[in-house]
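*Asks:* To start, I am sharing the structure in question, which I have written as structure tokens.
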Amino acid sequence: MPGVFDSKNFNAEVFAGYVGRIPNTKRNAMIQSRAIRMRPDLAQAMKDQTGGNYITTTLTGTISGTVPQNYDGETDMTPGSTVTFKHSRVVVGRMAGWTENDFAKDVTGGQDFMENIAQQISEYWSEVDQDTLLHILKGVFSMSTGTENQAFVTSHTSDVTEVVNSEGKTGHMDATTLNTAIQKACGDNKSAFSLAIMHSVVATNLENLKLLTYLKYNDGNGLERDIGLATLNGRIVLVDDAMPVDTTSPEKTVYTSYVLGDGAIELTDCGAAVPYEVDRDPEKAGGQDKLYARQRKCFAPYGISFTQASMAKLSPTDAELEMGANWELVNTNTDSGKQYINNKLIPIAQIKSLG
């Protein structure tokens, strides 16, 4: 049954449609990038009403690396087999509510109230989603137990904060930093990386060195213009000041830049039983309108599982997402002879620099 919002009919399904259609005008570069691969096929298994907050999917092994046997007419052939890796993922549930006096008039500026409120919530959820993703990446790079997990963190992290670059500056990225970092992470599979996301301080320093190449187009008059999108070592560069900045040391500020491949993060919008609803208190402050919003989404880094090793409730908190103990490389999950995915196949890397 529709609710009433500031004396206007409120239909939650229509409202949700507005939220889905309104474009996001904020940066939130990571959550809107090609690094995000939508997985709607998993949503049914994670529906709120079925209690599906944690599922395991499979990654099939390859026959690459199989040692061929000698075909000499005498040697018997011994067939091998592929292995199946288990990729576990968790649903992150978040909710928020707002109370406003004369909400429709004060917030929407007299325009269509549903569309304006939807636009604000769309931007809000994009910010929440990017924050969630950053918490996840912090957790992934905090893995400290298990040889394979440690090997991933070591090889997929490039720390140049103490390195003198080609320009004679200590700790700053230069023309070779990105290329070296992705080779360290994935070796001959470095072509899997397609974009880098960095703080504006880092991007500006690279721009001042004339290392960023801006893509161009010809306008209607035939004039060549920049489109505002740059590349570095052939990778698209996205600039977003939401990228991690560590100021714990009084002597230096450390910036973390992420390098990702297309589809490095799988995203499933699982849906909530009641994503939006409204209420009205006619007494409080002369009359208040209330809006409640809920969402359930699953962010799954390719090749890395969420373990639930330290999770108190059915949805992980931001702090739990940041815990290295809750993450491990995808493996066969067998009692003996456990095999792990080759970390060269995971197009996720980080670069720590002073600029």
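The values are calculated or read from the model by the stated rules, or taken from the named source; none is laboratory data. Keep in mind that what you see is a predicted model, and the values were worked out from it rather than measured. In this analysis, Cβ positions are derived from the backbone assuming ideal geometry, glycine residues included, and neighbour counts consider all displayed protein chains. Each accessible area value is taken on the protein alone, full model and side chains, heavy atoms only, with ligands, DNA and RNA left out. Shrake-Rupley method; radii C 1.70, N 1.55, O 1.52, S 1.80 Å.
Each row is one residue, and each column tells you yes or no for (1) within 21 Å of residue 33 (Cα to Cα); (2) in contact with a Lys or Arg (Cβ under 8 Å, 6 or more places away or on another chain); (3) at pLDDT below 95; (4) not acidic (Asp, Glu).
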| residue | (1), (2), (3), (4) |
| --- | --- |
| 146 | no, no, yes, yes |
| 171 | no, yes, no, yes |
| 186 | yes, yes, no, yes |
| 193 | yes, yes, no, yes |
| 199 | yes, no, no, yes |
| 202 | yes, no, no, yes |
| 214 | yes, no, yes, yes |
| 221 | no, no, yes, yes |
| 235 | yes, no, yes, yes |
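*Asks:* Filter the range 145-165 for residues that are more than 23 Å from the chain's Cα centre (by Cα), β-branched (Val, Ile, Thr) and surrounded by 15 or more Cβ atoms within 10 Å (Cβ to Cβ); which is nearest to residue 337 (Cα to Cα)?
*Replies:* 160
*Asks:* Then there's this: Which ones in the range 252-294 are open to solvent by 10 Å² or more (accessible area, probe 1.4 Å), part of a loop (DSSP other than H, G, I, E, B) and either in contact (Cβ under 8 Å) with a residue 24 or more places away in the chain or in contact with a Gly (Cβ under 9 Å, 6 or more places away or on another chain) (or both)?
*Replies:* If the condition is that a residue be open to solvent by 10 Å² or more (accessible area, probe 1.4 Å), part of a loop (DSSP other than H, G, I, E, B) and either in contact (Cβ under 8 Å) with a residue 24 or more places away in the chain or in contact with a Gly (Cβ under 9 Å, 6 or more places away or on another chain) (or both), then 252, 253, 262, 263, 271, 272, 273, 274, 275 are the ones that fit.
*Asks:* Could you check residue 277 against (1) in contact with a Lys or Arg (Cβ under 8 Å, 6 or more places away or on another chain); (2) on the phi < 0 side of the Ramachandran plot and say which number it fails?
*Replies:* Residue 277 satisfies all of (1) in contact with a Lys or Arg (Cβ under 8 Å, 6 or more places away or on another chain); (2) on the phi < 0 side of the Ramachandran plot except (1).
*Asks:* For the range 166-202, which positions are aliphatic (A, V, I, L, M), open to solvent by 10 Å² or more (accessible area, probe 1.4 Å) and within 23 Å of the chain's Cα centre (by Cα)?
*Replies:* 192, 201
*Asks:* Given the criteria at pLDDT 85 or above, open to solvent by 30 Å² or more (accessible area, probe 1.4 Å), among the charged types (D, E, K, R) and in contact with a strand residue (DSSP E or B) (Cβ under 6 Å, 6 or more places away or on another chain), does residue 226 qualify?
*Replies:* Judged against the criteria, residue 226 is not a match.
*Asks:* Which residue is farthest from the chain's Cα centre (by Cα), if the candidates are limited to the range 298-319 and must be buried (at least 21 other Cβ atoms within 10 Å of the Cβ) and under 24 Å from residue 120 (Cα atoms)?
*Replies:* Among those residues, the one meeting the criterion is 298.
*Asks:* Here's a follow-up. Might you let me know whether the range 175-192 holds any residue that is part of a strand (DSSP E or B), touching a residue at least 40 places away in the same chain (Cβ under 8 Å) and polar (S, T, N, Q)?
*Replies:* Looking through the range 175-192, none of the residues is part of a strand (DSSP E or B), touching a residue at least 40 places away in the same chain (Cβ under 8 Å) and polar (S, T, N, Q).
*Asks:* Which one is farthest from residue 258 (Cα to Cα) among residues in the range 320-341 that are crowded, with 17+ Cβ neighbours inside 10 Å and either free of Cβ contacts under 8 Å to residues at least 60 places away in the same chain or of a type in the set (D, E, K, R) (or both)?
*Replies:* 320
*Asks:* When you check residue 249 against the structure, is it without any contact (Cβ under 8 Å) to a residue 40 or more places away in the chain and open to solvent by less than 50 Å² (accessible area, probe 1.4 Å), yes or no?
*Replies:* Taking the combined requirement at face value, the residue satisfies it.
*Asks:* What's the total number of residues in the range 19-50 that are in a loop (DSSP other than H, G, I, E, B) and modelled with pLDDT of 85 or more?
*Replies:* Total satisfying the criteria: 3.
*Asks:* Hey, could you check the range 251-296 for residues that are among the β-branched types (Val, Ile, Thr) and at pLDDT 90 or above and say which is farthest from the chain's Cα centre (by Cα)?
*Replies:* 253
*Asks:* If you check every pair at least six apart or on different chains, which have Cβ atoms under 6 Å apart with a residue in the range 31-42 that is farther than 20 Å from residue 127 by Cβ first and a residue that is among the polar types (S, T, N, Q) and open to solvent by less than 40 Å² (accessible area, probe 1.4 Å) second?
*Replies:* Taking only residues 6 or more apart or on different chains, the pairs are 39/268; 42/268.
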